[in-house]
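What follows is a short report on a single structure.
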Amino acid sequence: MPDFKIKQIEIYKSPIKLKDPFIISLGKYTHANNVVIVIRTDQGIYGFGECSPFFTINGENMDTAFVAAQYLAKGLMGADPLDIENCHRKMDEIMYGNSSIKSAFDIALYDIASQSAKLPLYEFLGGNNTKKLYTDYTVSIGLPTKMADNALKIKQDSYQAIKVKLGRSFDEDVESIRLIREKVGMEIPLRLDANQGWDVDTAIKILKTLEPFNIESCEEPIPRWDFMELRKVKDESPIPIMADETCGDHHDAKRLINLKACDTINIKLGKSSGIFKALKIIELAEKNQIKLQVGGFLESRLAFTASAHLALASENIIYFDFDTPLMFTEDPVRGGIKYDKKGNITIPDQIGLGAWMEDDYLQTLEKVIIT
């Protein structure tokens, strides 16, 4: 195999308007303000990556990620893109944190590596394409009556699970779930996500109150900094607790597992700095019989294709939260995952990531090219 070297990295701002505002306890979002990375090698193979920075979760936004990417790109020039561990070491030496933009580089590197191996990315990661993948669809925070109407539409659109954003007051959140169940019935799975919106006592009170409503899980009920109290919530809650913002990388996962603080863990590439460290979370989860979800932020089908490949890499990954590309007003991605009308997902079988953005779209974007 010839030696590979990174010879050029392109960095693009990719803002895309959402069909409707996406509202969670941490804020309101009208656009997916993403960054796209293209890494080109001296062997003619190039890879695509993308991230969706969230100021309130990973401390990054499109502008800061765009600047940080330029430092990372300069540090990776001339590196072997197939030595992904070394590329991560270089990125971590250049700057602390910035997990979102690092994930975009990581996805592009795995795209290159799996193309070089002439394998689809899921196979390169040790997975196979036999698992059924389907996404839930999310109800944003709003008036309880409007949330119930939105949930009913999701059910009528034939999605197989509904995710509900909560994290306000006891009365508003309980009323929202009560009305949603009135509208959609008791059978379709409901998954809650409080995005750190409750304190410990409120979380326990709400989760106990919601026990009769057949809730599958609740993500991140309390503030991430209060992780030492998460076990108390888990132990008192009749609803399984899923760690999200509390778990960025494998170090966080190890701490949560040692604390017995959660029932399940939500992996997002934008929190873990990409696939390389996500695989370390999966390894820990498998050793400790912890089930996993793979989710995301407001990435397009490009990054969610990487997440779907990852979801095929372990039987411990049983939940899939891949709905945000369906909220976009435009879709600039070619190839990549496809959704049917029930939210079922198919993954491309071509080598590599199998998703990219056309030059015509990229040339409309603000960009920097590092050589």
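Observations
- Length gained when the stretch Asp149-Ile23 is fully extended (0.36 nm per residue, less Cα-Cα span): 43.8 nm
- In order along the stretch 30-40, the Karplus-derived 3J(HN,Hα) couplings, from 6.51 cos²θ - 1.76 cosθ + 1.60 at θ = phi - 60°, round to 10, 9, 8, 9, 10, 10, 10, 10, 10, 9, 10 Hz, and Gly and Pro are given as x.
- Here, P(r) means the percent of Cα pairs in each 10 Å bin from 0 to the largest distance; for the stretch 228-371 it is 11, 37, 30, 16, 6, 0.
- Look at the alpha carbon pairs under 8 Å that are at least 6 residues apart: their mean separation over the length of the stretch 1-160 gives a relative contact order of 23 percent.
- Computed lengthening from Phe213 to Lys280, 0.36 nm per intervening residue step minus Cα-Cα distance: 20.7 nm
- With q set to 0.22, 0.28, 0.32 Å⁻¹, the log10 of I(q)/I(0) for the stretch 77-120, from the Debye formula over equal scatterers at the Cα positions, is -0.73, -1.03, -1.19.
- Rounded tilt (10° steps) of 301-311 against the dominant C-alpha axis of the chain: 80 degrees
- Peptides ranked, highest mean first, by Cβ atoms within 10 Å: ranges 297-303, 154-160, 233-239, 195-201: 297-303, 195-201, 233-239, 154-160
- When each of Lys165/Lys342; Lys208/Lys341; Lys102/Lys254; Lys13/Lys118; Lys232/Lys277 is checked by Cα-Cα distance, pairs over 26 Å: Lys208/Lys341; Lys13/Lys118; Lys232/Lys277
- Considering the stretch 1-88, its Cα convex hull presents a mean projected area of 6.7 nm².
- For the stretch 59-192, the dipole from Cβ point charges (+1 on Lys and Arg, -1 on Asp and Glu) about the Cα centre works out to 420 debye, to the nearest 20.
- Summarised as an ellipsoid, the chain has semi-axes of 34, 21, 19 Å, derived from the eigenvalues of the Cα gyration tensor scaled by 5 and square-rooted, with the largest first.
- For the stretch 339-346, 3J(HN,Hα) per residue [Karplus equation, 6.51 cos²θ - 1.76 cosθ + 1.60, θ = phi - 60°, Hz, x = Gly/Pro]: 10, 9, 5, 9, x, 5, 10, 10
- Signed unit charges on C-beta, dipole axis of the stretch 290-371, positive-most listed residue Ile317, Ser300, Tyr361: Ile317
- Accessible surface for the stretch 226-343, divided over its residues, is 34 Å² per residue with a 1.4 Å probe.
- Eigen-decomposition of the gyration tensor built on the alpha-carbon atoms of the stretch 272-336 gives equivalent ellipsoid semi-axes of 25, 11, 9 angstrom, largest listed first.
- Protein accessible area in the stretch 110-153, 1.4 Å probe - carbon and sulfur %: 55 percent
- Applied to the stretch 221-229, the Karplus parametrisation 6.51 cos²θ - 1.76 cosθ + 1.60 on θ = phi - 60° returns per-residue 3J(HN,Hα) values of x, 10, x, 4, 5, 9, 4, 5, 9 Hz, with x for Gly and Pro.
- Estimated inter-spin distance, Lys338 and Ala117, nm [label 7 Å along Cα→Cβ]: 2.6 nm
- Using R0 = 22 Å, the C-beta based FRET efficiency linking Arg255 and Asp235 works out to 0.80.
- Mean-position separation - Cα centroids, the stretch 255-319 and the stretch 1-72, in angstrom: 19 Å
- Probe 1.4 Å, all protein chains present, accessible-area order of Thr346, Thr324, largest first: Thr346, Thr324
- Heavy-atom accessible surface of Lys338, to the nearest 10 Å², is about 100 Å², with a 1.4 Å probe and all protein chains retained.
- Within the stretch 21-166, antiparallel bridges make up roughly 75 percent of the DSSP beta bridges whose residues both belong there.
- Label-point separation, Gln350 to Asn86 (7 Å along Cα→Cβ), nm: 3.0 nm
- Under a model in which nothing but the beta-carbon of Lys, Arg (+1) and Asp, Glu (-1) is charged, the stretch 1-142 shows a dipole of about 340 debye around its Cα centre.
- With semi-axes defined as the square roots of five times the eigenvalues of the C-alpha gyration tensor, the equivalent ellipsoid of the stretch 287-371 measures 26, 15, 13 Å, largest first.
The values are calculated or read from the model by the stated rules, or taken from the named source; none is laboratory data. Note that the structure is a prediction, hence the values are computed from the model and not measured. Every residue, glycine as well, gets a Cβ built from its backbone with ideal geometry; the counts of neighbours run over all protein chains shown. For accessibility, only protein heavy atoms count, side chains too; no ligands or nucleic acids. Shrake-Rupley method; radii C 1.70, N 1.55, O 1.52, S 1.80 Å.
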